[in-house]
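Visitor: Provided herewith is a single structure, encoded as structure tokens, for subsequent inquiry.
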Amino acid sequence: MDHRSPFDARHPGLLDPFTAPATASFTDYVAATAPHLLPGRSTHAQAAAHGAAGLDVPHGTTIVALVCADGVVIAGDRRATAGNVIAQRDIEKVFVTDSYSAVGIAGSAGIALEMVRLFTVDLEHYEKIEGVPLSLDGKANKLAGMVRQNLGAAMQGFVVVPLFVGYDTDAPDASKAGRIVTYDPTGGRYDEWLGYHSVGSGSVFAKSALKKLHDPANDLATTIRTAVEALYDAADDDTATGGPDMVRRIYPIVVSITAEGAQRRSEEEIAGVVDQVIAGRTEKPGG
């Protein structure tokens, strides 16, 4: 009687992935057992058959990130668009990925959300297998590899551009522990040392605001206010970026990461900040 598992029969000479030695990378495990579930893999056939433009998938923008004396802040608006149509008004684009990191997404929303979920599971899997969290540079490199795996889909129009932030608990100077890492569609990763960055269609307007308003020495409360100001300016000039919706009470998502860990700021707190920004713009529309 043949006691081999179906995997052994299909792949003679290879270990069953469920009994093989554990890998610290959940992504590698998925690639070996179910590669079609990786972000971007299922999109290739669809894009080839229909063309990227024909699918008219939702896209998300704008994300801003700023370092401050206490750590780092990342924030995103809530609008997703499909062509000239608002696909969703309250999409979430900023996610806490572990105790000391977070990711904001811009680009093809479906693939981006899938990528962030897998990245979050991968960080948790590594910590369970190794017994220690992955280093901040390790997290940034892991995300770069996932963006690189999406290159085929990116070349067909399904681009994902994440913005990664984290607090380096091993940094010798706590005032410089907040880090921002940017990526290009090929998976290239770049450390942002100016203290602020933005991605998405409204990023040019957001960065113009940050260039004038941001100071890395500011406290956390002031930095959160600056992030909301930058998103307000982006929404003022970019139709794909949603401004605060006072009627539906839809506000930007803001995450701060300090020595105490990553924290998504409450809706009540951000609503108060938005009220301050709008009151200021009422008196001085130019900001």
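Visitor: Let's test the formula: R0 of 45 Å, r as the Cβ-Cβ distance of Ala217 and Ser25. What FRET efficiency results, to the nearest 0.05? If you can, show how the numbers build up before the last one.
Guide: Values: r = 38 Å, r/R0 = 0.84.
After rounding to 0.05, the efficiency reads 0.75.
Visitor: Roughly speaking, to the nearest percent, how much of region 177-287's 1.4 Å accessible area is carbon and sulfur? Don't skip to the end; give the middle numbers.
Guide: On the way: 2770 of 5410 Å².
Its accessible area is 51 percent carbon and sulfur atoms.
Visitor: Quick one: 3J(HN,Hα) in Hz for region 149-158, Karplus 6.51/-1.76/1.60 with θ = phi - 60°, rounded, Gly and Pro as x.
Guide: 5, 8, 4, x, 5, 4, 5, 9, x, 9
Visitor: Show me the ranking of peptides 256-268, 90-102 by mean Cβ neighbours inside 10 Å, starting with the highest.
Guide: Values: 256-268: 16.2, 90-102: 21.5.
Ranked by mean Cβ neighbours within 10 Å, highest first: 90-102, 256-268.
Visitor: Can you give the accessible area per residue of the chain, in Å², using a 1.4 Å probe?
Guide: Details: 13960 Å² over 287 residues.
Result: 49 Å² per residue.
Visitor: Give the relative contact order (percent, whole number) for region 51-210; include only Cα pairs under 8 Å separated by 6+ residues. If you can, show how the numbers build up before the last one.
Guide: Details: 328 pairs, mean separation 45.1, N = 160.
Rounded, it is 28 percent for region 51-210.
Visitor: Carbon and sulfur together cover what percent of the accessible area of region 65-165 at a 1.4 Å probe radius?
Guide: Details: 1900 of 3740 Å².
For region 65-165, the apolar C and S fraction of the accessible surface comes to 51 percent.
Visitor: A further question follows. Can you flag which of Lys211/Lys284; Lys139/Lys212; Lys176/Lys207; Lys93/Lys207; Lys212/Lys284; Lys207/Lys284 are past 23 Å Cα-Cα?
Guide: Values: Lys211/Lys284 19 Å; Lys139/Lys212 31 Å; Lys176/Lys207 21 Å; Lys93/Lys207 18 Å; Lys212/Lys284 16 Å; Lys207/Lys284 20 Å.
Table pairs above 23 Å Cα-Cα are Lys139/Lys212.
The values are calculated or read from the model by the stated rules, or taken from the named source; none is laboratory data. Remember, it's a predicted structure, so these values are computed and weren't measured experimentally. Quick reminder, even Gly has a Cβ in these numbers, built from the backbone with ideal geometry, and neighbours come from all protein chains shown. Protein only, heavy atoms only, side chains kept; ligands, DNA and RNA dropped before computing areas. Shrake-Rupley method; radii C 1.70, N 1.55, O 1.52, S 1.80 Å.
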